[in-house]
Every structure is written in C-alpha cells, then in structure tokens.
1. Considering every residue in B:6-16, what mean count of other chain Cβ atoms within 10 Å of its Cβ is obtained?
2. So how do B:53, B:27, A:153, B:7 line up by other beta-carbon neighbours within 10 Å, fewest first?
3. Could you check the spin-label model distance between residue A:55 and residue B:94? Points 7 Å from the Cα along Cα→Cβ, value in nm.
4. Please say if the stretch A:157-227 is rounded, prolate or oblate, where rounded means a/c under 1.5 for a ≥ b ≥ c the square roots of the C-alpha gyration tensor eigenvalues, and otherwise the choice is prolate for a/b larger than b/c and oblate otherwise?
5. Highest mean first, how do A:241-249, A:205-213 rank when packing is the count of other Cβ atoms within 10 Å averaged over residues?
6. To the nearest 0.05, how large is the calculated FRET efficiency for residue A:298 and residue A:26 if R₀ is 41 Å and r is the Cβ-Cβ distance?
7. For chain A, modelled as a Gaussian network with Cα springs under 10 Å, which listed residue fluctuates most, A:304, A:236, A:398?
8. State whether the stretch A:1-78 is rounded, prolate or oblate according to the following rule on the C-alpha gyration tensor (a ≥ b ≥ c being the square roots of its eigenvalues): a/c under 1.5 gives rounded; otherwise a/b larger than b/c gives prolate, and the remaining case gives oblate.
C-alpha cells in the first residue's frame, strides 16, 4: 500500500505512469550493489547469478501473455519496442514488400515511426476509427495488399482506454500472411493478452505502466510459426538474440519481472475494484451534472480509464479548477495554435468536445476516499465554470450553438 | 503551465460575472471568439450619459481568457466610451503578466470591449 502525500494532488494519471509497487522495489534492491554482475559474463558466478535473475524475470514477463520466455527481448521501454518492431520488420522484409498499415489513434511513437518510414519511401496506410475508437475490420481487410509487410494496431488506447479486437485482427493478419504488431503499453497487465490465441507476432510492452520501474520494457518477437525476424536498431555485443545489444539492466529487469508476476496474480481482482470506482464516478457525474460525454466506450474500455468531456467548459480551465487532481487533458492550449486531441478528433468528436476532455486514471493505489473527493471536486468546479460560460447560458436558453456565426479569425488560432 | 498570481486571483475570484439584459437600449453586447478555438468571450456594458456604469462578462476559455475578461470589465467600468475604446490589449498583458502564448486572450478581451461598444452605438443609431 502506498500512502498519499498530503502536499500533493490526488494522483489520477495512471496512463502516464504508475508508482513502482513497494514489493517491486524490495525485489530490485539487492541487484544494485550486491548482485551486480553482468548477465552476459559467462565465466564467473557474478554473471551467472545475474543471468539467473534476468531469465526468471523474462519468464514472468512472458507468462502474462502466454509466450515463451525466449521470445522476450528487453528494451528501454515501449517507445523503443515500437521503433524496433516497425523499423526492424520493414527493413528486414524489404524484399517481400514495402507497405505498412497502422491506425489514426496510435501513440505518437508509432505514428511518428510510421511517418518516418514513409519518408524513407515505404507506403503507409493509416486506418480511421469508428466512434468508439475501434477499427472497422472490413476496412483493414481491404487495406491489405500483396505488398503489405506489417499491420500495427494498439491493444488499448492511452487516451480513451478503448480496447481493439486483437483476436479478430490477428486472425485477419495470419490468414493474409502479414506480420501483426500490437503496441500493448496500456493493455499489458490490464486486459487478457494471449499471443497464441490472438496470433500476435510482435508486442511492445512497458514496465512503468504496470507498477514497475521506468526505463525498461520489452518486445515480444515470435520465434515459431512463423518465425519473425527484425533488423536491429542497436548493434553491439549481440545480446537479446542480436536484436538489441547493450548490457542488460538487471535491477530494472528484475523489477519489471516482479511487476508482471504481481499483475498476473492480481489483475482480475484489481479490475473489480477499478470497475467499481469508475462506475461510481461515472454514475455520480452523470446524475449530478448535465452534458457529460464519455470518450470511448464502457463496453470496449479498460477498467482504469475514464475519459470525459464536459460540454461548454474549456479543458484547460477545468484542469486549473481541479488542480487538487493530477489528471491529463485532451486539450493542450500551450501554443499559439491550440491543438485538440488527435485521438478524439479521429473518433469524430467535434473540436468543442475534444477541447473539454479530461482523462481520469484509476489505479492500484487509488482509494475510495480519493474517488469520492475527486468526484465532489469535479461536480463543484464544473458547475462553477458553467456559471461563467456564455456557451452554457446559451445552451440553457435553448440556442443551437451550431447556428451562430462565430468570429474565429482572431485570437491567434 | 505556471500562471501569475494575478491570473489565478481573477480566475478564482472573477469580477463582474453575469448577464445584462441584451434587449435593453442601454446595453451593448460583444460576443467574440469561437468554441472550436477554445475561447468565447461575452462582454456586456451598460451605458449612461456616454459612460460605462456597469460591465459584465461570461467566458468559455482557459484561465488566462477568464482572467483577461474579468480584468477588462474592471478596467472599463466608469470610463467613457471613448476612453474604453482606447484600451489596448497590452495593458491587460502587463497587468496579468501573461506569457506570449496567452497574448491572444488579451486581444480577444480588447475585441470584446470594442464589439460591445459597437453594439451599443448601433442601437443608439436606430
């Protein structure tokens, strides 16, 4: 159990990162000064004991997704894993084809890597999403050509918590003989994942999203039926089957492994608590406030993510009003060009709602008291800001805001 | 983003929030900005003998936008229409210590004042 720090806001940003579970820290501690050997040192006991710890962790990481431990490549995190998966596969299979398919709502590290590959001459298809954030499977089928090497679809969206139908996508990819990569940074340890059942060939995983340390992650790389090969990004001593050279960070790997072990043991029990908290918050906000919109879907969403838009109040001012809650907003009014969330826009949300979205993250250390306090705060501040909002007043007067001719040529946007 | 103490003060205790009767001959209403841009300001003035005797606002926008419009109503109260029209956005920027990325909020407040004065004038011209 972690106690809340009295000087800090309530932490509700579990999609950004999670605190390291104290049980994980405890497991890591001996691996800094005491058990410090290089896992690649084959000639003495220092190396052997580190190697043993690394392999144990690798097994824990693999077991959570029904994979073989040998299929796990340790990396610095999901960003590196996504880079390695996309660049590595597109390069290795360049004689097979030059086409990759991804989705408009992917994390920046997939989108930007895909754009980079396009600049390098590859062909790129970016699939749109439906209103709930899922892709249209027929559209995916129709996008695959004989030049397609790789399909990359994230498991769970970081902003909205939308879960994609990985099993159906995997089946399509397997039938068509293309590699299926999934960015599972937000899915791993949160929803059931099975690389065999879902026909996943490559999977990016992050340690710090599952109460493990930052700076460690993994890429699952299928070795059999079919064997997937990648051109490495980092060359050197040939660690990690030659796909990721560099001395392994034993303490981080041990922590990651322990976090995965705990997740496997506790995720179902934990999900029950998260769903209870999320339902409590969602139901009360809906009952006590009007015009609250869910971004994503209760049906296809993960338990710990509640992304809401509060119509007629602006996201940044709401963030400022609820500064006792550490949350994240889809609106980022930090530059002259005010940018709404590209994820929400891709889901067909209008600019107005995209500007007013707040992501409430609920996690392992969230308490009932925190959820109650957070809900009270949101209700109070949304009401206060709506009293300040001309749009709310017009809405209450029954004016259709879309019929107003807005003067939007000024204001630096 | 770090806001100045003055922005936070106006944001947490906004001055002159409210609505004047926009049908009244003595009231001018300015509505500027657009929801899609994340800022909409409505600023209203009540005029007697060419002087602004009351001003009210409501704003949809970030903290700086709310503070800019709150300060604008304070600044123009008691001024003549000509004096109010002379108010420059940089006065708001300086008073609130707005960072460069938030200067558009002050521009919007200046436009809201001018637009409210125009509305009042056009009513009087009828």
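1. 1
2. B:53, B:27, A:153, B:7
3. My value for the distance between the label points is 7.4 nm.
4. Taking the square roots of the gyration eigenvalues as a ≥ b ≥ c, the stretch A:157-227 is oblate.
5. Result, highest mean first: A:205-213, A:241-249.
6. On the way: r = 36 Å, r/R0 = 0.89.
Efficiency, rounded to the nearest 0.05: 0.65.
7. Ranking A:304, A:236, A:398 by mean-square fluctuation puts A:398 first.
8. oblate
Every read-out reported here was derived from the displayed coordinates using simple, explicitly stated rules and does not represent laboratory data. From a predicted model like this one, the values you see are computed outputs, not experimental measurements. Don't worry about glycine lacking a Cβ; one is built from the backbone with ideal geometry, like all the others, and counts go over all protein chains shown.
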